[in-house]
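Notes follow once the structure below has been shown.
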């Protein structure tokens, strides 16, 4: 009898140092930041079709569960666990009342060798690694000669580009969209440039500006440096950061359509994990979560409600407790405790690697997969991107 293959396996490949250079034409110029390899040149992850189907089903179900949890939070009107200021809470509530449409988001899943799926969190406001997932790994798949040591598999879960182009046309936006990111973040500028290309493919005009170039005119609202009104603006910059800056008090009176809208702060906050567990206790896709560390039996991981990119996380109760750096200048927020479910380790020549499954949502549709792996059990900004195939 043929043994059942694991849901996911790391495959070593013949090292390809040329693809990262070729991919620069796609805007992927940050494949080797500070002389470390962000793009993995000698491996891929191979998934069974059943594992992909399980993650797609999980993403659909969780998307509906989180929407229900958000409705409950807004009905209660209690945002203490989320760390929102009163102004940010009001912006979130108004955005929710208006039902402002969302472009995209990314679930972070734990995928077990048996195909089981667990939700770690939902990056629903400023998710990273979109260019790599949507365009770069697809180019790798299409350009690499198939073979056991070059590129196994017959497919890739990747409809992100097509769904993004279609989604722009569903969002009831004006003909021109501005796009903003931090001027010193090469990776974020590349992601924004990719999204601009998808908006243009959908028939929109698209213009870029550094986020700190956004200014204000009393009679117009938020504008570009030359005074052009920002009717619609995609910003790769968190709402809670905007809220505490000098222009924060202007946010409630501005007339700009922001993408992602303020209501997505509820989806993105780690605090929504607590409401999910309250509403769906024991659900097989969820891990127990609470504001109270004592409510989580056994080891747990503490996550700042407004945290991102792995900053400020604390693993407690494993006997090898660890924590990650807290970035300076971030708004403080409550700690959310979630049951510790360590990522499964996969062998590499250097030791074990721990992959997290990034399942991309476009609107309400699961669109594709991006995998990042690290040498530690908590995924951070510096971990590697690894392409995937479906067997």
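In the elastic network of the chain, a GNM with C-alpha springs shorter than 10 Å, the most mobile of 162, 226, 149 is 226. Projecting label points 7 angstrom from Cα along Cα→Cβ for residue 53 and residue 246 puts them 5.7 nm apart. Remark: 87, 185 ranked as 87, 185, counting other beta-carbon atoms within 10 Å and listing the fewest first.
Specify the residue with the greatest mean-square fluctuation among 352, 343, 266, computed from a Gaussian network of the chain linking alpha-carbon atoms under 10 Å apart. Largest GNM mean-square fluctuation: 352. State whether segment 27-185 is rounded, prolate or oblate according to the following rule on the C-alpha gyration tensor (a ≥ b ≥ c being the square roots of its eigenvalues): a/c under 1.5 gives rounded; otherwise a/b larger than b/c gives prolate, and the remaining case gives oblate. Here segment 27-185 falls in the prolate category.
What is the chain's relative contact order, in percent, from Cα pairs under 8 angstrom and six or more apart in sequence? Reported as a whole number, the value is 24 percent. For segment 87-187, the relative contact order works out to 20 percent when only alpha carbon pairs closer than 8 Å and six or more residues apart are counted.
Where the centre of each part is set by its Cα atoms, how far does segment 348-382 sit from segment 149-178, in angstrom? Answer, in whole Å: 19.
Relative to one another, the C-alpha centroids of segment 1-46 and segment 238-273 are positioned 35 Å apart. Each of 91, 291 was scored by other Cβ atoms within 10 Å of its Cβ. Listed from fewest to most, they are 291, 91. The distance from the alpha carbon centre of segment 117-131 to that of segment 50-115 is 11 Å, rounded to a whole number. Under 1.5 on a/c is rounded, so check that first for segment 265-311, then, if it is not, pick prolate when a/b is larger than b/c and oblate when it is not; a ≥ b ≥ c are the square roots of the alpha carbon gyration tensor eigenvalues. Note, shape of segment 265-311 comes out oblate. Counted over the chain, the DSSP beta bridges are approximately 75% antiparallel. Secondary-structure-derived ellipticity at 222 nm for the chain, considering helices only, amounts to -7500 deg cm²/dmol, per-run term -39500 (n - 2.57) for DSSP H runs with n ≥ 4. The gain in end-to-end length when the residue 35 to residue 375 segment is fully stretched comes to 120.7 nm, 0.36 nm per residue minus the alpha carbon separation. Working note: Cα gyration tensor of the chain, eigenvalues times five, square-rooted, sorted largest first, giving semi-axes of 33, 27, 19 Å. As a proxy for reagent exposure, ranking 357, 196 by other Cβ atoms within 10 Å from fewest up yields 196, 357.
Relative contact order for segment 178-314: 17 percent, from Cα pairs under 8 Å spaced at least 6 residues apart, divided by residue count.
Readers should treat all values here as calculations from the given coordinates under stated rules, not as data from a laboratory. Owing to the predicted nature of the structure, the values given are computational and were not obtained by experimental measurement. Neighbour counts are summed over all protein chains in view; Cβ atoms, including those assigned to glycine, are modelled from backbone coordinates with ideal geometry.
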